[in-house]
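**Q** Got a structure here, written out as structure tokens. Questions coming.
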Amino acid sequence: GLTDDRQPNARRTRKLSVAEVFAGAYLLYMRYFDPIYKVEITAEEAVKQLVKLREMESKPEASTTVVPKRLMWMLGFDSSELHRHLVAAYPEHQLNFVSAEELTSDLCLNQIKSSASAADVVLNATAPMFGYKMLLDEWKIKPQHFAMAPLSTWLSSPRYYGFVIDPLEYYASSEQPTALESMLLNNDFAAQQDVIDTWYMQYMQYLTIVHADIIKDDSPKNRVMVLAQSLTDPDMKAGNVLGYNTLDVLALAREEQPNAELICYNTSADLEYAKELPLSLKRAKSLGKITYIDASKTDLQAALRGIDLVYVVTADAGLLARSCGIKVITLGTPFYAGWGLTEDRVFLARRQRPLTLQQLLWAVLHVYSRYIDTIYKRVVPVIDVIATTKQ
């Protein structure tokens, strides 16, 4: 009864209002799917998301004045998806992405050299860029260093991308401090303690809700985990000052914890190492029985259930274990060692400031790291990431 219908339909004789037809078609009949989180959502949630997107699109520009964008060379970046995220993070820059393969071109290198005085240069610390770092040193160009944010694979969801750009170095070593380390040494945490406490309370609510099953309880399980790393991993090259390999760490753990169940969890993304490590463990008869777990098959959160103690050389994953109340022994110079929160077998004289876990996590996750909302194409604080993931 809402339209002038020239085609008769004997089945449709019921009178409906516009609101009733809308409700039937769009609320009761249709289903809505969130392509980011891969879950079904309600019509109301879909409308809210559309409204937010429209608001973002309709916001007027703050100024019509065209400001020249500063050039930023991004060296060693091959992923087009990563390109989109970083363009959103640096709207005030013109980003020139150069893949590792393109860097072999003399023409490309000359362009970088000639424009570097009026540009920023960022090296992808996760790519094999050491040769080009030496070349930049020769040209007296001080690059910044890009990497994924610490714990970003644990905190982030498909909607968010976490990263850092460190003006000094990304991988902590005994010789060279990072910008993060300088901040941990010099920041006036006491003046910000109220903010830190509020932030940490929200963080712990997330941890308790999402990962309640790995929060350390007081009952000992006598289970010890070694976080395996390849010697070719960049953080191992920088921070493995004692030269430990995974078998060395396992042998140490077995010697110090002779009656414990020993678990070897491979954190390395090196595919060849992932193939070789299980074979090496089988050949190492003197180590006794070892349970092997690979990160590609079991996430760290699940693997940490029931663990009492973790041995680690430099892997970020050690901080996740410590966040969950698990004792951590460090054998290298990861960024979270030296602040009184872990048992450290490598002494770093410059890191002797005691910090609380709240202060360390706030500095690492809130101040040092940046997060991109891939839906709205903007930088957001990590607390937004935590809140959304918690929901």
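**Q** How far is helix 106-115 tilted off the main Cα axis of the chain, in degrees rounded to 10, range 0 to 90?
**A** So the inclination is approximately 80 degrees.
**Q** Separate question: Which value in deg cm²/dmol, rounded to the nearest 500, describes the helix-derived mean residue ellipticity at 222 nm for the chain, given -39,500 (n - 2.57) per DSSP H run of n ≥ 4 and division by the residue count? Please report the intermediate quantities before stating the final value.
**A** On the way: 15 runs with 135 residues, N = 391.
Calculated at 222 nm, the ellipticity per residue is -9500 deg cm²/dmol.
**Q** Sort THR246, THR198, THR3, THR342 by Cβ crowding within 10 Å, fewest neighbours at the top. Intermediate results must be reported in sequence, preceding the final value.
**A** Details: THR246 23, THR198 12, THR3 5, THR342 20.
Result, fewest neighbours first: THR3, THR198, THR342, THR246.
**Q** On a 21 Å Cα-Cα criterion, which of the cross-link pairs LYS113/LYS237; LYS275/LYS297; LYS113/LYS140; LYS142/LYS377 come out too long? Provide the component values of the computation, followed by the final result.
**A** Working: LYS113/LYS237 27 Å; LYS275/LYS297 13 Å; LYS113/LYS140 10 Å; LYS142/LYS377 29 Å.
Flagged as over cut-off: LYS113/LYS237; LYS142/LYS377.
**Q** In nanometres, what is the gap between the two model label sites at ASP4 and ARG70, each 7 Å from Cα along Cα-to-Cβ?
**A** Each label point lies 7 Å from its Cα, and together they span 6.5 nm.
**Q** Okay, next question. What are the radius of gyration and Dmax of the chain, computed over its Cα atoms and given in Å?
**A** 25.9, 89
**Q** How would you rank CYS264, CYS324, going from fewest to most other Cβ atoms within 10 Å of each one's own Cβ?
**A** Numbers: CYS264 25, CYS324 19.
If I rank by nearby Cβ atoms, fewest first, I get CYS324, CYS264.
**Q** Can you compute log10 of I(q)/I(0) for region 298-391 with the Debye formula, treating each Cα as one identical point scatterer, at q = 0.12, 0.24 Å⁻¹?
**A** -0.46, -1.24
**Q** Based only on other Cβ atoms within 10 Å, what is the fewest-to-most ordering of PHE146, PHE97, PHE189? If you can, show how the numbers build up before the last one.
**A** Values: PHE146 23, PHE97 20, PHE189 17.
Fewest-to-most Cβ neighbours within 10 Å comes out as PHE189, PHE97, PHE146.
**Q** Express in nm, to one decimal, how much length is gained between ASN259 and PHE33 on full extension, taking 0.36 nm for each residue of separation and deducting their alpha carbon distance.
**A** Full extension of this stretch gives 76.3 nm more.
**Q** Under 15 Å from the Cβ of ALA149, count the other residues' Cβ atoms, weight Lys and Arg +1, Asp and Glu -1, and hand me the total.
**A** Details: positive: ARG159, ARG370; negative: ASP166, ASP235, ASP316, ASP373, ASP384.
Computed value for this residue: -3.
**Q** Based on the Cβ-Cβ distance of LYS282 and GLU40, what FRET efficiency does E = 1/(1 + (r/R0)^6) give at R0 = 45 Å, to the nearest 0.05? Walk me through the intermediate numbers first.
**A** Numbers: r = 45 Å, r/R0 = 1.00.
About 0.50, to the nearest 0.05.
Read-outs: derived from the displayed coordinates by stated rules, not from any lab. None of these values were measured; they are calculated from a predicted model. Virtual Cβ from ideal backbone geometry, glycine too; neighbours counted across all protein chains shown.
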